[in-house]
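Reviewing the structure listed below.
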Amino acid sequence: MILNPSFSRRSFLSLLGAGAASTLAGCASSVPRPLATTVAFRPEPIEGPSSELDVMYGSIVDGGFVIPAIPYRQINPRYYRQQVVDPTGERPGTVVVDTASRFLYLIEPGGTAMRYGVGIGREGFAWQGEGVIQWRQRWPKWTPPDEMVARQPELTKYSAKNGGMPPGLLNPLGARALYIFKNGQDTLYRLHGSPEWNSIGKAVSSGCVRLMNQDIIDLYDRVPEKARIVVWQ
């Protein structure tokens, strides 16, 4: 693994319209709910200074919202944002999602990649293949598709006819959303932020790839316009 010089080895560191895009996203496991306070993974305590992680996953103000700090000590360190040797062979600027390993890679020049831990779709909802990141949106509105509303009637208040769910800290799309198209058509597949930090590394969402809000902001700022994306099963 290759780390940036400022990262410690010990810490594993590191257009149509926005309104139209917001009506298509259905990337939530359920009605937004309070964050869980426990997770299955119980890592050994991180010893010594962890200033890099404190900065990386600390509270930030963005778009008028105060994003809470992430309790990163409760997350497996393999899912921390970090620079690694590129394992994909894809050209720089490509986004690769390895659903089996729960990683997302943004390929860099020089044989490296930024790697992010992700949560993925439940079996039966996942998508794979190649596409293009056609739209990018800060603090998107969330509007579940009619099929999701039919499965979960409690989401009716967020339906397209009711205007969707406004942006915010409990919005299932989080602080950023990247919208994936294939052959000019919306796949309904998204890369997006999530307030549910404890879902990273798991298969829980309805088809989309979720990152911690701090990580989706970092990815959003790095990924090129109209980037190619490859999703592996």
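Those residues that are part of a strand (DSSP E or B) and surrounded by 21 or more Cβ atoms within 10 Å (Cβ to Cβ), I need them from the range 110-119; list them, please.
A113, M114, R115, Y116, G117, G119
Residues in the range 61-104 that are part of a strand (DSSP E or B) and either of a type in the set (K, R) or in contact with a Ser or Thr (Cβ under 6 Å, 6 or more places away or on another chain) (or both): how many?
Number satisfying all stated conditions: 3.
What residue, among those in the range 171-204 that are within 17 Å of E130 (Cα to Cα) and of a type in the set (K, R), is nearest to the chain's Cα centre (by Cα)?
Restricting to residues being within 17 Å of E130 (Cα to Cα) and of a type in the set (K, R), the top hit is R190.
Need at least 2 residues that are among the hydrophobic types (A, V, I, L, M, F, W, C) and modelled with pLDDT under 95 per element, so show me which strands (runs of 3 or more DSSP E) inside the range 125-207 make the cut, counting only ones lying wholly within it.
Where strands (runs of 3 or more DSSP E) fall fully within the range 125-207 and carry at least 2 residues being among the hydrophobic types (A, V, I, L, M, F, W, C) and modelled with pLDDT under 95, they are 203-205.
Among the residues of the range 179-193, how many are crowded, with 24+ Cβ neighbours inside 10 Å and over 20 Å from V149 (Cβ atoms)?
3
Would you confirm whether any residue within the range 120-127 is within 13 Å of W232 (Cα to Cα), among the aliphatic types (A, V, I, L, M), surrounded by 20 or more Cβ atoms within 10 Å (Cβ to Cβ) and within 17 Å of the chain's Cα centre (by Cα)?
Yes - at least one qualifying residue is present in the range 120-127.
Evaluate the range 128-142: report whether one residue or more is more than 20 Å from R222 (Cα to Cα), surrounded by fewer than 18 Cβ atoms within 10 Å (Cβ to Cβ) and not polar (S, T, N, Q).
yes
The values are calculated or read from the model by the stated rules, or taken from the named source; none is laboratory data. Source: prediction; values computed, not measured. Quick reminder, even Gly has a Cβ in these numbers, built from the backbone with ideal geometry, and neighbours come from all protein chains shown.
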